[in-house]
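Okay, so here's the structure we're looking at.
The values are calculated or read from the model by the stated rules, or taken from the named source; none is laboratory data. Keep in mind it's a predicted model, so treat the numbers as computed, not measured. Note that each Cβ is placed from the backbone with ideal geometry, even for glycine, and that neighbours are counted across all protein chains shown.
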Amino acid sequence: MIEAIIGVVLMAAGVGFIVIAGLGVARLTDVFERMHSATKAGGIGSTLVILGVLTAGGLARPLTGLLTIAFMLLTLSVASQLLARAAYISGAELRGIDRGDPLADVLESDRPTRSDPR
Amino acid sequence: MNGIAVAAAPILIAVLVVPLALAAYRMIRGPSHADRFVALDMLTAVSVALSALTALATGRRAFLDIGMGIALVNFVATCAFATLLERKSGGRK
């Protein structure tokens with residue numbers, strides 16, 4: 001009984017995080033702000049929902065759920081880093097920052113793509 | 001024993017339609033390709049949570065495997081889309 005209540009609380013918290021992440025994806029002004037909302041809040045929301053399901057459904061064979069959680073926590077940051085870099089290079093606007101472009105000298109424009117065969 | 005959780009799962013699934021609709025709005029509306037990829041990330045997070053809740057609501061543990069498959073596909077898809085976006089773009093203005 002107590003684990004069902006804990007599971008429901010975890011699942012409700014996770015769904016709340018996902019709803020907030022969806023609001024951020026729809027409402028924020030910038031590609032990078034939307035990515036920040038979707039990756040962090042969406043990832044923690046999915047993790048909490050899976051944890052709640054594992055807690056409420058009995059801990060007999062939790063291996064798949066725990067593997068999913070570990071995989072998501074490991075790969076969401078890498079994937080969002082890759083996507084943010086690609087978005088910046090492809091010329092996305094930085095509307096959320098009003099102090100210019102802090103990456104102007106780090107990732108220069110017209111960088112050569114790695115197309116040379118070796 | 002865990003009747004509360006099984007009863008709560010369909011309600012939470014119904015609530016999850018809201019972020020699904022918001023991500024779909026961003027995917028349709030999004031000005032650039034990067035916005036659409038971000039919306040795809042959001043859709044994946046929602047669908048992993050949906051599959052986990054479906055596993056609880058129906059009592060079939062195979063839906064957890066489906067969630068894991070969605071997470072795996074999302075990582076590879078995001079990496080591939082990022083590489084595509086980086087190669088197709090003509091550089092920052």
| In the list B:Leu43, B:Leu56, B:Leu12, which residue meets the criterion of being of a type in the set (A, V, I, L, M), more than 7 Å from chain A (Cβ to nearest Cβ), surrounded by 22 or more Cβ atoms within 10 Å (Cβ to Cβ) and not in a loop (DSSP other than H, G, I, E, B)? | B:Leu43
| query | Which residues, taken from region B:84-93, are on the phi < 0 side of the Ramachandran plot and within 7 Å of chain A (Cβ to nearest Cβ)? | reply | B:Leu85, B:Glu86, B:Arg87, B:Ser89, B:Arg92, B:Lys93
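If I go through region A:7-33 residue by residue, how many of them are more than 8 Å from every other protein chain (Cβ to nearest Cβ), assigned to a helix (DSSP H, G or I) and in contact (Cβ under 8 Å) with a residue 12 or more places away in the chain?
Initial filter on region A:7-33 (more than 8 Å from every other protein chain (Cβ to nearest Cβ)): A:9-10, A:13, A:16-17, A:20, A:24, A:27-30, A:32-33.
Applying the additional criterion that residues be assigned to a helix (DSSP H, G or I) yields A:9-10, A:13, A:16-17, A:20, A:24, A:27, A:32-33.
Cutting the leftovers down to in contact (Cβ under 8 Å) with a residue 12 or more places away in the chain gives us A:9-10, A:13, A:16-17, A:20, A:24, A:32-33.
Counting residues in region A:7-33 that are more than 8 Å from every other protein chain (Cβ to nearest Cβ), assigned to a helix (DSSP H, G or I) and in contact (Cβ under 8 Å) with a residue 12 or more places away in the chain gives 9.
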| said: For B:Thr58, only one of the following conditions fails: (1) more than 15 Å from the chain's Cα centre (by Cα); (2) at pLDDT 90 or above; (3) not basic (Lys, Arg). What is its number? | reply: (2)
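Every residue in region A:25-57 that is small (Gly, Ala, Ser), over 14 Å from B:Leu53 (Cα atoms) and over 12 Å from the mean Cα position of the chain (by Cα), please.
Our first condition is that a residue be small (Gly, Ala, Ser); within region A:25-57, this holds for A:26, A:37-38, A:41-43, A:45-46, A:52, A:56-57.
Restricting the remaining residues to those that are over 14 Å from B:Leu53 (Cα atoms) gives A:26, A:37-38, A:41-43.
Matches in region A:25-57: A:Ala26 only.
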| Which one of these does A:Gly52 not meet: (1) under 17 Å from B:Asn74 (Cα atoms); (2) modelled with pLDDT of 90 or more? | (1)
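In region B:25-37, what count of residues is obtained for those that are part of a helix (DSSP H, G or I) and farther than 21 Å from B:Val76 by Cα?
Let us first name the residues in region B:25-37 that are part of a helix (DSSP H, G or I), namely B:25-29, B:33-37.
This time we only want the ones that are farther than 21 Å from B:Val76 by Cα, so: B:25-26, B:28-29.
The total comes to 4.
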| query | Does A:Phe71 satisfy being under 20 Å from B:Leu56 (Cα atoms), of a type in the set (Phe, Trp, Tyr) and assigned to a helix (DSSP H, G or I)? | reply | no
| said: Out of B:Arg29, B:Arg61, I need the residue that is within 9 Å of another protein chain (Cβ to nearest Cβ), among the charged types (D, E, K, R) and under 28 Å from A:Ile89 (Cβ atoms). Which one? | reply: B:Arg29
| remark: Those residues of region B:41-93 that are closer than 18 Å to A:Gly52 by Cβ and in contact with a Phe, Trp or Tyr (Cβ under 8 Å, 6 or more places away or on another chain) come to a total of 6
| request: Answer with yes or no whether A:Thr39 is of a type in the set (Val, Ile, Thr), surrounded by fewer than 20 Cβ atoms within 10 Å (Cβ to Cβ) and within 21 Å of B:Gly69 (Cα to Cα). | output: no
| request: Might you let me know whether region A:39-58 holds any residue that is in a loop (DSSP other than H, G, I, E, B) and either of a type in the set (D, E, K, R) or at the interface with another protein chain (Cβ under 8 Å from one of its Cβ atoms) (or both)? | output: yes
| query | Filter region A:8-34 for residues that are modelled with pLDDT of 90 or more and crowded, with 24+ Cβ neighbours inside 10 Å; which is farthest from B:Ala14 (Cα to Cα)? | reply | A:Val25
| query | In region A:65-90, what residues are facing chain B (nearest Cβ under 8 Å) and within 20 Å of B:Leu12 (Cβ to Cβ)? | reply | A:Gly65, A:Thr68, A:Met72
